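*Asks:* Following this message is one structure expressed as structure tokens.
Rule-based calculations on the coordinates, nothing more; no lab input. Keep in mind that this is a model prediction, so the values were computed, not measured. A quick note on method: Cβ atoms are made from the backbone with ideal geometry, for glycine too, and the neighbour counts reach across all protein chains shown.
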Amino acid sequence: RCYFCKKHLFLELKRRAADLPLCDGTNHSDLSHYRPGLKALSELKIHSPLAEAEFSKQDNREVGALIGLDHWDQAARPCMLTRLPYNQKVLASDLTALGETETAMNRFFAGLNKGEIRFRLRKVSPETFEMHIQREDFKRLSEEERTEAEHLLASFPLFASAQWKPMEKLSGYFDRLLGQKAH
């Protein structure tokens, strides 16, 4: 979704691919969200055949299931920048802390043997971090498991006061706050 990431990635691909045409995996569903990276794709004349064919994220999953892909319904694995609000200075220390802490939390949750526990740590303001967790996954955790997870999270200095927020939908958090659409 990031302008700078898409621009850098596709400039490098264009350099390596010489004169070959390039395309990306943007789907039609992405067009209804704020995606600054779409501007970079347009500037570089990168085609998005799925979006052009009005093929949605759900269409992708249905076709993946039909052709027998192992992980056709895999949850999104967005880059770490999606943990930060738009138009905020990106600090390497924040990205490092977010990555290390999410890794520790994933290990803890995996040890519970309850399947994937979907969550995102987010910096929601310059001084505030929150733990956004999929509501149905939060409900699968016992009170004791939640307490252990909260203590683990609080052991990381930046997240000592992070509030837990069960959510119906994890993706697009900052998009929803903006209330904007891509052009």
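*Asks:* With both bridge residues required to lie in segment 80-178, what share of the DSSP beta bridges run antiparallel, to the nearest 5%? Please list the in-between numbers first.
*Replies:* Working: 6 of 11 bridges.
Counting DSSP beta bridges with both partners in segment 80-178, the antiparallel share is about 55 percent.
*Asks:* Which of the cysteines found in the chain have nothing to pair with, since no other Cys Cβ lies under 4.7 Å from theirs?
*Replies:* C23, C79
*Asks:* Okay, moving on. Evaluate 2.2 N^0.38 Å with N set to the residue count of segment 24-64, then give the Cα radius of gyration divided by it.
*Replies:* Numbers: Rg = 10.3 Å, N = 41, 2.2 N^0.38 = 9.0 Å.
Ratio of Rg to 2.2 N^0.38 Å for segment 24-64: 1.14.
*Asks:* Next question, about the same structure. Starting with the fewest neighbours, write out I67, I46 ranked by other beta-carbon atoms found within 10 Å of each beta-carbon.
*Replies:* Working: I67 8, I46 20.
Taking fewest neighbouring Cβ atoms as first place, the list is I67, I46.
*Asks:* Considering only DSSP beta bridges where both residues belong to the chain, give the percentage that are antiparallel (nearest 5).
*Replies:* Values: 6 of 12 bridges.
Given both bridge residues lie in the chain, the antiparallel proportion sits at roughly 50 percent.
*Asks:* Continuing with this model, one more query. So, in the chain, how many Lys pairs have Cα atoms under 16 Å apart, if the pair is 8 or more places apart or on different chains?
*Replies:* Counting lysine pairs in the chain gives 13.
*Asks:* What list do you get for C2, C79 if you sort them by fewest beta carbons within 10 Å? Spell out each step's value before the answer.
*Replies:* Numbers: C2 18, C79 10.
By the 10 Å Cβ count, ascending: C79, C2.
*Asks:* Okay, moving on. With all distinct Cα pairs included, what does the Kirkwood hydrodynamic radius of the chain come out to in Å, to one decimal, could you say?
*Replies:* Numbers: mean 1/r = 0.0542 Å⁻¹.
Kirkwood hydrodynamic radius for the chain: 18.4 Å.
*Asks:* What are the ³J(HN,Hα) couplings of segment 35-40, residue after residue, when phi is run through the Karplus curve with 6.51, -1.76, 1.60 and θ = phi - 60°? Round to Hz, x for glycine and proline.
*Replies:* Values per residue, Gly and Pro as x: 10, x, x, 4, 5, 4 Hz.
*Asks:* With a cap of 13 neighbouring Cβ atoms within 10 Å, and only residues DSSP puts in a loop, list the trypsin sites (Lys or Arg not before Pro) found in segment 100-183. Walk me through the intermediate numbers first.
*Replies:* Working: sites: R107, K114, R118, R120, R122, K123, R135, K139, R140, R146, K169, R176, K181; in loops: K114, R118, K169, K181.
When the trypsin sites (Lys or Arg not before Pro) of segment 100-183 are filtered for loop state and at most 13 Cβ neighbours within 10 Å, K114, K169, K181 remain.
*Asks:* May I pose another question? Counting other C-beta atoms within 10 Å, and keeping those with at most 15, which DSSP coil GluC sites (Glu not before Pro) do you find in segment 1-86? Walk me through the numbers on the way to the answer.
*Replies:* Working: sites: E12, E43, E52, E54, E62; in loops: E54.
Within segment 1-86, the qualifying GluC sites (Glu not before Pro) (loop, at most 15 other Cβ atoms within 10 Å) are E54.
*Asks:* Taking amide H positions as placed in the peptide plane 1.01 Å from N, state which residues far from L22 in sequence (5 or more) or on other chains have amide H under 5 Å from it.
*Replies:* Amide H neighbours of L22, under 5 Å, 5+ apart: H47.
*Asks:* What residues have an amide H closer than 5 Å to that of S56, excluding those fewer than 5 places away on the same chain, when H is modeled at 1.01 Å from N in the peptide plane?
*Replies:* Result for S56 returns H28.
*Asks:* Using each residue's phi in segment 115-131, evaluate 6.51 cos²θ - 1.76 cosθ + 1.60 at θ = phi - 60° and report the 3J(HN,Hα) Karplus result to the nearest Hz, with x for Gly and Pro.
*Replies:* Karplus-based 3J(HN,Hα) across segment 115-131 equals x, 5, 9, 8, 7, 9, 8, 9, 8, 8, 7, x, 10, 10, 10, 10, 9 Hz.
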